[in-house]
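I have placed the structure first, in the form of structure tokens, so that the comments after it can refer back to it.
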Amino acid sequence: MVPNKVTIKGFKRFKNINVSLDRQLLALVGANEAGKSSFLEALVSIENNKPYTATELTKDLEPSASHQVVTVLYLLNKTEIAELKQFNGVGTPRFFQISKDVSGKFTYEIIGNITRDTTMRTRLSKTILNILKKKSLQKALDRNFIPNAIPNTKLPETSLGELLKKIEGGLSKAPDNLPQEILQNSQKIIDFFDEDPKYINKLNTPIFDELIGLLEKFIDVESEQHPKTLFLKFCQERRPVFTIFSSEQRFLKNIYPLAELKTPSKALLNLLLIAKVELQEYLKAIQKKDYPKLSQFNDLANSNLKETFSAAWCQSDVYPRLSFDSDSIKINIVSSNNYTWVSSRSDGLKQFIALMAFLSLRNHEIPPVLMIDEAEIHLHYAAQADLIQEFESQKLVNSIIYTTHSAGCLPSDLGTGIRGVEQVMKEGKDTGYSTIRNSIWKNTGGFSPILLAMGANIIAFTLARKAIIAEGPSETILLPRLFREAIQKDYLDFQVAPGIATISPDKALTFELEAAKVVYLVDGDKGGADNRRKLKSAGISESKIFQLYKDCSLEDYVEAQVLFDAVNEELKKSGKKEILTKEIPHGERLEYLSSESRKQGVEISKVRISENIAKRPSDELILDHEMKESLQLLYHNILSELN
């Protein structure tokens with residue numbers, strides 16, 4: 001399962017916010033003091049049962065002890081949903097939810113219908129009806145009996161047939177949880193045959209053997225807790241926890257002199273713990289000049305490090321190596337039997353080694369959600385991009401949520417991978433409250449939405465990677481997800497940014513300075529052709545300009561029902577009638593929907609439509625399968641030009 005959404009009501013600056021989390025890499029941006037770090041604290045607060053303190057609760061809030069402060073919704077995957085069968089349940093569970101109230105008490109919930117599997121009830125009912133119909137069994141069925149009856153008592157007698165009729169009648173109209181009487185009557189029949197096995201004519205034994213076997217299984221199944229209760233416990237155990245990867249745990253140096261070992265860094269201590277070398281034992285060995293002991297530490301530590309890193313990482317030939325010298329501890333990186341200083345390797349690799357050490361010590365059976373405050377700290381601009389690439393390709397954790405002040409530290413998915421943390425202002429003054437925007441994009445072109453979202457920390461924006469410059473924000477929001485679905489990858493090697501539609505012809509050439517390598521993508525309609533001419537007239541090479549399929553905009557690559565749903569969501573907000581889904585050719589869908597919306601007095605926003613599409617759960621496909629091959633070809637052509 002993956003975190004899908006968090007609702008925070010009354011934690012520090014956040015009075016009432018809903019934030020979408022359904023991304024493998026999510027960046028929080030915003031001005032200083034807006035509350036980015038507080039947001040991470042709110043998430044990690046559900047990992048303990050401590051009551052919220054007065055300083056943690058939003059000012060002027062006087063909640064009851066049962067007021068739910070943080071609620072996290074997790075999206076269940078297909079494998080987890082399939083586990084419902086082992087609890088004899090059926091249904092459509094979609095989400096698992098955990099809430100923590102002011103007192104520290106937790107509430108758990110499954111969103112989606114779960115009922116008992118009635119297959120066993122149906123089989124038992126059919127078997128009973130089959131027995132009741134057999135004339136050859138009437139004598140046996142009419143016999144009165146009282147299992148375990150006490151001699152010389154006047155207990156009412158019940159025939160086997162009557163008892164079976166009661167059970168079958170109860171099964172046909174039983175609620176989700178069966179009345180105890182049905183289970184008790186089933187047990188009476190089992191007990192009776194156990195006490196008088198010769199009662200039934202040998203010719204009819206097989207059918208009663210079948211009945212007894214079914215009754216035993218039936219009682220076992222129906223006596224279990226409700227499958228929703230059992231599935232809820234299963235989800236609690238499978239939930240990925242939130243854990244903070246602090247700056248002290250992230251950074252490794254080449255050499256740690258003895259003087260620094262008096263207060264060693266957490267990153268080094270994590271490595272030493274995996275290496276199974278006690279720091280104090282090492283220092284004692286130096287003090288005693290016990291050099292053979294130092295050699296022993298080297299052998300022990302590096303054997304343990306190699307074993308741990310090889311088991312946990314796909315790059316099994318890359319691992320750290322410690323040198324316990326008489327004056328310091330040194331860290332090398334071994335890769336294909338080549339030894340290099342840790343500082344000479346990429347910053348992404350160094351932090352990943354520190355991350356593996358951090359995770360290995362915590363024994364997370366379920367990969368956690370990693371949270372990092374100020375991910376760009378101590379890293380130059382190019383190193384930030386390198387770190388993000390490592391984050392996007394990683395398989396060690398469930399997902400990563402991080403804060404940043406730097407444009408160089410943004411994810412490849414600029415459209416849906418950024419959340420803007422904003423102070424709520426009144427008359428130019430900070431109210432003490434903050435909100436978080438799930439989308440920073442508006443109908444304006446260029447990078448101004450990113451600049452505004454990041455606050456006053458940057459005055460210019462330059463992409464740190466290869467990039468596609470598209471017409472507007474809707475492409476920035478939709479194209480990364482459509483590409484990922486088409487090529488079946490979790491991440492892209494480039495970013496998508498808006499701007500072509502709004503830039504003036506005399507400024508278009510400045511796009512060439514926006515990233516290390518740039519290509520351009522325009523729509524396949526008349527507007528796209530005009531934008532293509534604008535770029536070419538500005539001096540941009542035609543080989544770098546790509547165009548969507550003839551007459552198509554990006555929305556034509558979206559599954560028709562998904563597109564209709566997105567438009568209808570906007571109409572519903574305006575109190576208008578929904579547009580009925582119908583077959584519309586590619587190239588005409590958006591115009592048709594816009595025309596139908598205008599008839600009701602609603603002008604639909606492409607950005608809002610794109611946001612409605614992109615916020616669908618990550619396990620739901622939005623790509624129109626008929627356009628998949630076309631999009632795959634476009635992707636590979638763009639990648640070829642960028643490379």
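The values are calculated or read from the model by the stated rules, or taken from the named source; none is laboratory data. A quick note: this is a predicted structure, and the numbers were derived from the prediction, not measured. As a convention, Cβ positions derive from the backbone with ideal geometry for all residues, glycine included, and neighbour counts pool all protein chains shown.
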Pick from the range 428-473 the residues that are closer than 20 Å to A515 by Cβ and in a strand (DSSP E or B): which of them is modelled with the lowest pLDDT?
A467
Looking only at residues in the range 474-510 that are in contact with a Phe, Trp or Tyr (Cβ under 7 Å, 6 or more places away or on another chain) and assigned to a helix (DSSP H, G or I), which one is surrounded by the fewest Cβ atoms within 10 Å (Cβ to Cβ)?
I487
Going through the range 93-146 in order, the residues found to be of a type in the set (V, I, T) and in a strand (DSSP E or B) are I98, T107, I110, I111, I114, T115
Out of the residues in the range 69-92 meeting the condition of being in a helix (DSSP H, G or I) and aliphatic (A, V, I, L, M), tell me which one is surrounded by the fewest Cβ atoms within 10 Å (Cβ to Cβ).
A82
Can you name the residue in the range 10-50 that is assigned to a loop (DSSP other than H, G, I, E, B), out of contact with any Ser or Thr (no Cβ under 8 Å at 6 or more places or on another chain) and among the charged types (D, E, K, R) and is also modelled with the lowest pLDDT among such residues?
E33
Give just the number: which of (1) free of Cβ contacts under 8 Å to residues at least 24 places away in the same chain; (2) surrounded by 15 or more Cβ atoms within 10 Å (Cβ to Cβ); (3) closer than 30 Å to V6 by Cβ does E248 not satisfy?
(2)
Any residue in the range 397-424 that's within 27 Å of R238 (Cα to Cα): show its pairings with residues that are of a type in the set (F, W, Y) at Cβ separation under 6 Å, as long as the two are six or more apart or on different chains.
I400/F391
Number of positions in the range 563-610 that are small (G, A, S) and farther than 24 Å from S439 by Cβ:
3
Checking the conditions here, which among I329, I333 is outside the structural domain of L396 (by TED's automatic domain parsing), touching a Pro at 6+ places or on another chain (Cβ under 9 Å), at pLDDT below 90 and not small (G, A, S)?
I333
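Here is a yes/no grid of residues against (1) within 22 Å of L623 (Cα to Cα); (2) among the aromatic types (F, W, Y); (3) surrounded by 20 or more Cβ atoms within 10 Å (Cβ to Cβ):
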site	(1), (2), (3)
Y520	yes, yes, yes
G527	no, no, no
E542	no, no, no
Y549	yes, yes, no
L571	no, no, no
I579	yes, no, no
I584	yes, no, no
Can you tell me which residue is nearest to K5 (Cα to Cα) among those in the range 73-83 that are in contact (Cβ under 8 Å) with a residue 60 or more places away in the chain and out of contact with any strand residue (DSSP E or B) (no Cβ under 7 Å at 6 or more places or on another chain)?
N77
Given P320, P292, P257, which one is under 29 Å from H378 (Cα atoms) and either modelled with pLDDT of 90 or more or acidic (D, E) (or both)?
P257
Would you confirm whether or not the range 86-104 contains a residue that is out of contact with any strand residue (DSSP E or B) (no Cβ under 8 Å at 6 or more places or on another chain) and under 30 Å from E210 (Cβ atoms)?
yes
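Table: residues versus (1) surrounded by 15 or more Cβ atoms within 10 Å (Cβ to Cβ); (2) more than 24 Å from L359 (Cα to Cα); (3) touching a Ser or Thr at 6+ places or on another chain (Cβ under 7 Å); (4) in contact (Cβ under 8 Å) with a residue 40 or more places away in the chain.
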position: D209; (1), (2), (3), (4): no, yes, no, no
position: I219; (1), (2), (3), (4): yes, yes, yes, no
position: H226; (1), (2), (3), (4): yes, yes, no, yes
position: L230; (1), (2), (3), (4): yes, yes, no, yes
position: I255; (1), (2), (3), (4): yes, no, yes, yes
position: K262; (1), (2), (3), (4): no, yes, no, no
position: Q280; (1), (2), (3), (4): no, no, no, no
position: A285; (1), (2), (3), (4): yes, yes, no, no
Given the conditions (1) surrounded by fewer than 19 Cβ atoms within 10 Å (Cβ to Cβ); (2) touching a residue at least 40 places away in the same chain (Cβ under 8 Å); (3) within 27 Å of the chain's Cα centre (by Cα); (4) under 25 Å from S38 (Cα atoms), report the number of the one that I388 does not fulfil.
(1)
On the basis of being among the hydrophobic types (A, V, I, L, M, F, W, C), farther than 29 Å from I219 by Cα, loosely packed, with under 15 Cβ neighbours inside 10 Å and at pLDDT 90 or above, does F95 make the cut?
no
Determine whether the range 598-607 contains at least one residue that is free of Cβ contacts under 8 Å to residues at least 12 places away in the same chain and assigned to a helix (DSSP H, G or I).
yes
Looking at L590, L639, can you tell me which residue is modelled with pLDDT of 90 or more, assigned to a helix (DSSP H, G or I), among the aliphatic types (A, V, I, L, M) and more than 30 Å from E80 (Cα to Cα)?
L639
Return yes or no: is A65 surrounded by 19 or more Cβ atoms within 10 Å (Cβ to Cβ), over 20 Å from the mean Cα position of the chain (by Cα) and at pLDDT below 95?
no
Residue count, the range 540-569, condition hydroxyl-bearing (S, T, Y) and in contact with a Leu (Cβ under 8 Å, 6 or more places away or on another chain), comes to 2
Using the structure shown, decide if L513 is aliphatic (A, V, I, L, M) and exposed (fewer than 13 other Cβ atoms within 10 Å of the Cβ).
yes
